[in-house]
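One structure is given below, encoded as structure tokens.
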Amino acid sequence: MRPGPGRLCETAVVRLFVAVTPPDTVLDAVARLRRPARPGVRWTTREQWHVTLRFLGEVDDPAPVVAALDRAVLPAAEARIGPRVGLLGRGVVMLPVAGLDGLAAAVVAATAGIGEPVGDRPFRGHLTLARVRRGGSARGLLGEELDRTFAVREVALVRSHLGAGPARYEVLHVRGLDPAPSAGA
């Protein structure tokens, strides 16, 4: 995901989140996982694959989020995706992603007071593969293995466009992460 040309947004209220997108080599491995057609199961597309660090919801103006991210100390991270496809709640088929807790906490702290409150739920890094609707079944979709690590060097502020069909995502801003402190520092 990369920001498009022009203004940050064209409407007054936008639906936003801050996310990490795994590199193409990891996304290629995700794309090789089985994705059987199943009633009640809606698979996500490669363009939708990301790890949400903070969901902001509807925000009047993305500029304060951009400013908050740009002035924050956001540490680079090493993420691990996998080791196997699982279920989040009753309806999200996903790959767990570990190693992003500190980065997610820094993003939440930087954007405190903007958007929807975070609440008390702990961060659970994951990449959503499919959503299972009521009456559908995740049986046979779980347990497939994928185990990859990747360096996280940037986060993106993303606008979610909802409507007919799957959600479309538009990157509004990319923020490079601060280098990890060296062992001698």
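Bear in mind that the values in this text are calculations on the coordinates, not laboratory data. In this text the structure is predicted, and so the values were computed from the model without any measurement. Note: ideal-geometry Cβ built from the backbone for every residue, glycine included; neighbour counts use all protein chains shown.
Brief remarks on what is shown
- On Cα atoms only, tilt of 101-110 relative to the major axis of the chain in degrees: 50 degrees
- Our coupling estimate for region 133-143, obtained by passing each phi through the Karplus curve with A = 6.51, B = -1.76, C = 1.60 and θ = phi - 60°, is 6, 3, x, x, 9, 8, 4, x, 9, 9, x Hz, Gly and Pro reported as x.
- Option label - Cα extents along the principal axes in Å computed here, alternatives (1) 55, 34, 33; (2) 47, 45, 34; (3) 45, 35, 30: (2)
- The string of couplings for region 22-37 from the Karplus curve (6.51, -1.76, 1.60, θ = phi - 60°) is x, x, 3, 4, 6, 4, 4, 5, 4, 5, 7, 5, 5, 9, x, 5 Hz, one whole number per residue in order, with x for Gly and Pro.
- Extension gain for Arg134-Ala112 works out to 4.5 nm (0.36 nm per residue, less the C-alpha to C-alpha distance).
- Inter-label distance for Asp120 and Val73, nm, one decimal - labels placed 7 Å from Cα along Cα-to-Cβ: 2.9 nm
- Principal axes of region 113-156: Cα extent on each, largest first, Å: 40, 30, 18
- The calculated FRET efficiency for the pair Val66 and Leu162, based on their C-beta separation and a Förster distance of 30 Å, comes to about 0.90.
- Distance between the pseudo-spin-label points of Val174 and Arg84 (7 Å out from Cα toward the beta carbon): 3.5 nm.
- Shown in residue order for region 116-121 are the 3J(HN,Hα) couplings computed by the Karplus curve 6.51 cos²θ - 1.76 cosθ + 1.60 at θ = phi - 60°: 5, x, 6, x, 9, 5 Hz (x for Gly and Pro).
- Overall, the chain carries a charge dipole of about 920 debye about its Cα centre when +1 sits on the Cβ of Lys and Arg and -1 on the Cβ of Asp and Glu, all other atoms neutral.
- Spin-label model distance (nm) - Val92 vs Leu142, 7 Å beyond Cα toward Cβ: 1.5 nm
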